[in-house]
Amino acid sequence: MSLKRRNRVEATFAMSSMTDLVFLLLLFFVMASTMSSPNDIKINLPTSRAQKVSRPQVAKVSIDNLGNYYVALGKAKPVQVAPESLEAYLSTIQASDTTMYIALHADEDVAYKEVVRVLDIANEHKMKLVVATKRD
């Protein structure tokens, strides 16, 4: 006499709860990525193999492909500065914090003389300067 099993075990998986979880994660990452502060000024940086160095106080000087200068202190919104008043603006920032350094974000299509202008200002006022690049 052979006994047969009446309950058959099926190997199935309910995908509805898994898709709900995936959509919730997708929604979270989309919302989290839009809340980060993106670069407001579109600059095409040159590439480099050097590592990123972080310091506490940074004055970010950006030069876009049209030659416009923007200065942002820390994570503040960039302020457009005329090229003639850039030196005075940076020296007033340096007067408040002597450990500050400049991070130069210049578009790769900007004329070299515009980059040298910022380098000269940093050299004259003995400011530390870092040139920002994209990773290779």
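The values are calculated or read from the model by the stated rules, or taken from the named source; none is laboratory data. Remember, predicted model here, so these are calculated numbers, not experimental data. Note: ideal-geometry Cβ built from the backbone for every residue, glycine included; neighbour counts use all protein chains shown. Just the protein is used for accessible areas: all its heavy atoms, side chains included, with ligands, DNA and RNA removed. Shrake-Rupley method; radii C 1.70, N 1.55, O 1.52, S 1.80 Å.
Descriptive notes on the structure:
- Per residue of the chain, the DSSP helices (runs of n ≥ 4 H) give a summed -39500 (n - 2.57) that works out to -11000 deg cm²/dmol at 222 nm.
- Accessible area expressed per residue, the chain, with surrounding protein chains retained (probe 1.4 Å, Å²): 79
- Options [x] 97; [y] 120; [z] 197 - which one matches volume of the Cα convex hull per residue in Å³ as calculated here: [z]
- Out-of-range pairs (alpha-carbon distance over 21 Å; input Lys75/Lys126; Lys60/Lys134; Lys75/Lys113): Lys75/Lys126; Lys75/Lys113
- Net charge of neighbours whose Cβ lies under 14 Å from the Cβ of Val81, counting Lys and Arg as +1 and Asp and Glu as -1: -1
- Surface share of carbon and sulfur [accessible, 1.4 angstrom probe, percent] for the chain: 57
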